[in-house]
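Read the structure below first, then the notes.
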Amino acid sequence: MATSEVQLEVVRTRGELRRALAAAPRPIGLVPTMGWLHEGHRSLIQRARSENATTVVTIFVNPRQFNSPEDLARYPRSEGRDLAICAEEAVDLVFAPPVDEVYPPGFDTTVSIGAVGQPLEGAARPGHFEGVATVVAILFALVGADRAYFGQKDAQQVMVVRRMAIDLALPTDVIACPTVREADGLALSSRNVHLSAAEREAAPILHRALLAARSRWAAGERSAKTLRQVMSDELALEPLAKVEYTSVADGQTLRELARVDGAALLSLAVRFGSTRLIDNEPLP
Ligand code: PAF
C-alpha cells in the first residue's frame, strides 16, 4: 500500500470529524465537493495544501441543492475513485457523511439568500442557492476551517457563499480559484460525463462564445446588449446548443448591465440534451 493511502483518514459522522480535527495543525483548509472529483477539484486541493497545515475534503451529494429527484439520482458518484484521488493529493482528512449526519432528524433551518443569489442560476434553479448556502454553513461550522476553496466556474455560488460568510460572521475565508478547462476550452464539471460524443464535441462553444464577447469588449465595445448578442450569435452556430441565458452583469451585484464600465461578469447557461452546462468569464 502506498504511503499516501495510509495517511488518508476518512470519517463519516459529526463526532468522528470533531475528534479527528481536535488536534489538527492550523490553519485548516476546506475543499467542499459533491464527489466525482476531476482536475478542477485537484487544483482546489493543491491550492488548499499549499496554504494550510491541514487539508480537509468533504464529499457529500447535497440533496437540498438539486431541483428535481431525477437530477439528484443521476448525479455521478464513485467514492472509491474520489478517495484514491484524495490519497494521491495527500489530503489529510475526508468527511464523507450520510445524509442524516449533515441534516439530523428534525432538521428545520435554512439559510435564506439575498439579492446576489436571485438572478441567473438563482432564477433558473429556484431553491438551489438556499440549499448550497445551508450545506456550506453546516460544513463551515463542522470543520471550523480557516479557508475554504471554490471554483470560479460557479461564479455566482462563490458570491453567494462569500456574502453569507461575511453576513453570518463565519470564521472561514472564501477563496475563489480559476476555472480548469479541457484543452478545447470546455470547463471541467462533474456533469460533463453525461454528454454524448456529439454533445461533448459541441460543448466548447460555451467558452468560444465567452471569448468572442471578451474580444469585442477588449476592442472597445461597451454595450451589454451587443455583448450578449455576440454570445448568442456564436452559440447559434451550434445546433445542439439550446441557450438558457446569456448575461452581462455587474461584477459585484450580478444585476444585468446596460453598459460595461467597471468589473463585469459574462456568463451563460446552455443545455445539450438533458445536460445543463454553465460557464463564465470575468471582465476585465
Ligand atoms: O460546488 C459544489 O460542488 C457544491 O455546490 C458544494 C459547494 C460542494 C456544496 O454542496
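Bear in mind that the values in this text are calculations on the coordinates, not laboratory data. Since the model is a prediction, treat every value here as computed from it, not as a measurement. Here Cβ is always computed from backbone atoms with ideal geometry, including for glycine, and neighbour counts include all displayed protein chains.
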| Which of the residues that make up segment 48-69 are within 15 Å of the ligand (Cβ to nearest atom), in contact with a strand residue (DSSP E or B) (Cβ under 8 Å, 6 or more places away or on another chain) and part of a helix (DSSP H, G or I)? | A48
| message | Could you check segment 28-47 and list, in sequence order, the residues that are farther than 21 Å from L72 by Cβ and either away from the ligand (no atom under 13 Å from the Cβ) or out of contact with any Gly (no Cβ under 7 Å at 6 or more places or on another chain) (or both)? | response | I28, G29, L30, V31, E39, R42, S43, I45, Q46, R47
| message | Could you tell me how many of the residues in segment 99-136 are buried (at least 18 other Cβ atoms within 10 Å of the Cβ), of a type in the set (A, V, I, L, M), out of contact with any Asp or Glu (no Cβ under 8 Å at 6 or more places or on another chain) and under 25 Å from R228 (Cβ atoms)? | response | 2
| note | For segment 126-175, the count of residues that are more than 23 Å from A187 (Cβ to Cβ), assigned to a helix (DSSP H, G or I) and among the acidic types (D, E) equals 2
| note | Only one of T275, T226 is among the polar types (S, T, N, Q) and without any contact (Cβ under 8 Å) to a residue 12 or more places away in the chain, namely T226
| remark: All-but-one check, A90 against (1) part of a loop (DSSP other than H, G, I, E, B); (2) under 29 Å from I166 (Cβ atoms); (3) more than 15 Å from the ligand (Cβ to nearest atom); (4) in contact with a strand residue (DSSP E or B) (Cβ under 9 Å, 6 or more places away or on another chain), failing number (2)
| message | For the condition more than 22 Å from E256 (Cβ to Cβ) and within 16 Å of the chain's Cα centre (by Cα), what is the one hit in A133, A155? | response | A133
